[in-house]
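Following: one structure in structure tokens, then a few remarks.
Just so it is clear, none of the values below were taken in a lab; they were calculated from the coordinates. Just so it is clear, the structure is predicted and the values come from calculations on it, not from any experiment. Reconstructed Cβ throughout: ideal geometry from the backbone, glycine too, with neighbour counts over all protein chains shown.
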Amino acid sequence: MSYPLAKLPPLDLVRGFVAVGRRMSITLAAQDLHVTQSAVSRQIRALEAHLGV
């Protein structure tokens, strides 16, 4: 199945989502990614918007 690249979410948003899923915590995910908690929250919000959820 082919999926247009233009519809794929940016990789940094996916990384934030995966980090939160692995650690089950935005705080711990932020520490792992070396960014602030608010940056991870913005990544999750942007991913939701991109996917239309």
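Listed values (1) 11.7, 37; (2) 21.9, 65; (3) 12.1, 41 include one computed from this model; for Rg and Dmax of the Cα atoms in Å that value carries the label (1).
Exposure proxy shown here: for Val20, Val14, the number of other Cβ atoms within 10 Å sets the order, fewest to most, as Val14, Val20.
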